Amino acid sequence: MTEQTTESLPEIARLQPRQQMAMDCARCARPLGAGGRIWGETRHRGHLFRLWVCAPHCPPRAPGGTPP
Ligand SMILES: [Zn+2]
């Protein structure tokens, strides 16, 4: 079995609780809502965390810089 390790997952300890609970994107911290895809699974303190990110990919930052 070959495992795809194209991306390195972030450390669970550095994520927000909402990101750890798969409510927000683990990469850009946006609310996932109905969309999202599994980024990968990683272990932290004996627990297996499944990280989710935006699907198909995280939205790019606004070039103009218009904060919400
Ligand atoms: Zn995202």
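Computed from the coordinates by the stated procedures, all read-outs in this text should not be read as laboratory data. This is a predicted model, so every value here is computed, not measured. Every residue, glycine as well, gets a Cβ built from its backbone with ideal geometry; the counts of neighbours run over all protein chains shown.
Residues whose amide H lies under 5 Å from that of Asp24, counting only those 5 or more places away or on a different chain, are Gln19, Leu32; hydrogens are built 1.01 Å from N in the peptide plane. Peptide packing: for 46-54, 19-27, the average count of neighbouring Cβ atoms within 10 Å per residue gives the ranking 19-27, 46-54, highest mean first.
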